[in-house]
């Protein structure tokens, strides 16, 4: 038990020092704090220059709430719970495997150093995106997870910052289901993985932006604003009542597994979910909402 308490303590101090370094000493290209700001500003400029819904205000409904969510979920949430929880869970899993004479390093399918860097990162990206696509489906299929996911679907006007409006339980679910598959394929250093994360953030921002793009033939590979708007549609036909277009970065999974749905442009469809008029409007009340539901 003492070992796990030390891991939790070191996780808090380690991430706090990392966060200070990110904020005060912007001395590397893979700085997540300023990278998020740069991507957000770039996509916002694109929204301003090429608005799909021209009557939507520049500071749309819940713009500042979503901006707060963006920084809270991407940075403060790690400090509050995610890093300590992830490190503790990883050590616990290693201890369980060690008890039966195994370790994740023994089970790895390959070593990233044995592959060209581009190929290793491509495998990392594809595996992680596929696992997250399946996890996203679970968020819609399981009622208790859907209550958490409602926070993201409470968005009523789409804009780039809506990308990171989600309940703190969601990344716990995503990271839990991602940990073993990613640990089995290889180890990657943080600088290499930053390339994948920045790309995913950019695509996610664009998916939620007030842009009417579908990228032409690339729409069958990458998720896009015209496709993702239907994921947020308030009303869907009964045969897709659990949701559509689950892709985070890649759309290919939806086309392969028949969960794609883009009947028309979707420019002015109503967003949300049934009963969302009663959903809490503020950050704290939205975070507490799932705890009040069975």
Checklist outcome for this item: On the formula 1/(1 + (r/R0)^6), with r taken between the Cβ atoms of residue 234 and residue 127 and R0 of 22 Å, the FRET efficiency rounded to 0.05 is 0.10
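Which order, highest average first, do 44-55, 124-135 follow once you tally other Cβ atoms within 10 Å for each residue and take the mean per peptide?
Details: 44-55: 13.7, 124-135: 18.2.
Listed from highest to lowest mean packing, they are 124-135, 44-55.
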Item to check | Relative packing of peptides 247-254, 141-148, 204-211 - highest average C-beta neighbours within 10 Å first | outcome: 204-211, 247-254, 141-148
Item to check | Order of 239, 152, 278, 231 - criterion: other Cβ atoms within 10 Å of each residue's Cβ, fewest first | outcome: 278, 239, 152, 231
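Rule-based calculations on the coordinates, nothing more; no lab input. What you see is a predicted model; the values in this text were computed from it and never measured. Cβ: placed from backbone, ideal geometry, glycine included. Neighbour counts: every protein chain shown.
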